């Protein structure tokens, strides 16, 4: 269906969006928060990633509006782009809540969430690599892994909230941690939505 030799500009644009999202997620995971000033630093950097992502989405929309022919349905291209951007927006929003709460403690549950989100982001970029090469069928294995990671995050959410209500005596602290856990799980859900979109594209075009 596709010419394997020539890179498609739409697939290249999707890859750039995925890579920017991946870099943001890795940055959030790798950054070490020790003081309130660290929260400001990471919040500013995440906002820069979000702004870059918005610019990439805008450029893709302009390209779609100017193009008569697209390699796959233009609705699928836009849906995939926006759903990858949701991951970035969700990550930036979670970091903003850390700053809002002045929360400098990262517990084991948060690290577990972030680990699976990072793995999902890596799989999304690998899938976009294959899309760039017009290997739609090869993308499926990465979509499956992303869904596996989301299921792991479901388990992390259940166990972390259970432990939180069993052990945390400070109601304000409980509210803060529960909020962060739920936001991290929502990012994992966004990753799963990307996987679902990938599978839809495969079904329609492979």
### Task
With label points built 7 Å along Cα→Cβ from the Cα atoms of residue 169 and residue 45, find their separation and express it in nm.
3.7
### Message
If the elastic network links every pair of Cα atoms under 10 Å, which of 106, 82, 187 fluctuates the most in the Gaussian network model of the chain?
### Response
106
### Message
How big is the stretch 9-205 along each principal axis, measuring the range of its Cα positions in Å and listing the largest first?
### Response
59, 31, 22
#### Entry: C-alpha long axis of helix 9-30 to longest principal axis of the chain, angle in °
20
### Query
So for the pair residue 104, residue 151, with labels modelled 7 Å out along Cα→Cβ, what separation do we get in nm?
4.0
### Query
Counting other C-beta atoms within 10 Å, which of 105, 92 has the fewest, and how do the rest follow?
105, 92
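Taking the Cβ of each residue in 172, 201 as the centre, tally the other Cβ atoms inside 10 Å and list the residues starting with the fewest. Can you show the working numbers first?
Values: 172 9, 201 21.
By the 10 Å Cβ count, ascending: 172, 201.
Listing 111, 173 from the residue with the fewest other Cβ atoms within 10 Å to the one with the most, what is the order?
Values: 111 11, 173 14.
Sorted ascending by nearby Cβ count, the order is 111, 173.
When the Kirkwood radius is taken over all Cα pairs of the stretch 1-111, what Stokes-Einstein diffusion coefficient follows at 10 °C and 1.306 mPa s, in µm²/s? Walk me through the numbers before you get to the answer.
Working: Rh = 15.5 Å.
It diffuses with D of about 103 µm²/s by this estimate.
Each reported figure results from applying straightforward, stated rules to the coordinates on display, with no laboratory input. Just so it is clear, the model here is predicted, and its values are computed rather than measured. A quick note on method: Cβ atoms are made from the backbone with ideal geometry, for glycine too, and the neighbour counts reach across all protein chains shown.
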